[in-house]
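Step one of this worksheet: look at the structure below.
The values are calculated or read from the model by the stated rules, or taken from the named source; none is laboratory data. As the structure is a computational prediction, the values presented were derived from the model and not from experiment. Here the Cβ positions follow ideal geometry from the backbone for every residue, glycine too, while neighbour counts run over all protein chains shown. Heads up: the accessible areas ignore ligands, DNA and RNA and are worked out on the full protein's heavy atoms, side chains in. Shrake-Rupley method; radii C 1.70, N 1.55, O 1.52, S 1.80 Å.
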Amino acid sequence: GSPTELRTLLTQSPEDVNALFYAGLCAYNLGLYDRARTFLHRAATHPVDAIDEEATWYHALTLQRLGERAAAQ
């Protein structure tokens, strides 16, 4: 899929856990850590816990990049 497709999915289904996770992962890889923090937190705490471990891991990495080491622990 393309970035446009991901944005469309997030617009149409803003609570889709997969879309939240991959949006967070994309933002992380682009260095957009504030945006990544939001998406990854939402994915990590989502009621559908299919990818909560992965989302929690990348959320912690994002917090570390933002200098929030205590929160990352």
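Is it the case that segment 51-65 has a residue that's small (Gly, Ala, Ser) and either open to solvent by 60 Å² or more (accessible area, probe 1.4 Å) or not in a helix (DSSP H, G or I) (or both)? Working first, answer last.
First, the residues of segment 51-65 that are small (Gly, Ala, Ser): 55, 60.
Subset that is either open to solvent by 60 Å² or more (accessible area, probe 1.4 Å) or not in a helix (DSSP H, G or I) (or both): none.
Checked segment 51-65: no residue is small (Gly, Ala, Ser) and either open to solvent by 60 Å² or more (accessible area, probe 1.4 Å) or not in a helix (DSSP H, G or I) (or both).
Assess whether Glu15 counts as being open to solvent by 50 Å² or more (accessible area, probe 1.4 Å) and not in a helix (DSSP H, G or I).
Numbers: open to solvent by 50 Å² or more (accessible area, probe 1.4 Å): yes; not in a helix (DSSP H, G or I): yes.
So Glu15 passes the test.
If you scan segment 31-50, which residues turn out to be within 11 Å of Thr62 (Cβ to Cβ), open to solvent by less than 90 Å² (accessible area, probe 1.4 Å) and of a type in the set (Lys, Arg)?
Arg37
Note down all Cβ pairs under 8 Å where the first residue falls in segment 2-16 and is free of Cβ contacts under 8 Å to residues at least 40 places away in the same chain, the second is assigned to a helix (DSSP H, G or I) and open to solvent by 90 Å² or more (accessible area, probe 1.4 Å), and they're at least six residues apart or on different chains.
Leu6/Tyr22
Filter segment 40-71 for residues that are closer than 20 Å to Leu10 by Cα and of a type in the set (D, E, K, R) and give the result.
Narrowing segment 40-71 to residues closer than 20 Å to Leu10 by Cα: 40-52, 54-56, 58-59.
If the condition is that a residue be closer than 20 Å to Leu10 by Cα and of a type in the set (D, E, K, R), then Arg42, Asp49, Asp52, Glu54 are the ones that fit.
Name the single residue that is surrounded by the fewest Cβ atoms within 10 Å (Cβ to Cβ) among those in segment 18-30 being aliphatic (A, V, I, L, M) and under 17 Å from Ala72 (Cβ atoms). Give the steps one after another, and end with the answer.
Here is the first cut: in segment 18-30, the residues aliphatic (A, V, I, L, M) are 19-20, 23, 25, 27, 30.
Now drop any that are not under 17 Å from Ala72 (Cβ atoms), which leaves 25, 27.
Working: Leu25: 18, Ala27: 20.
This residue is Leu25.
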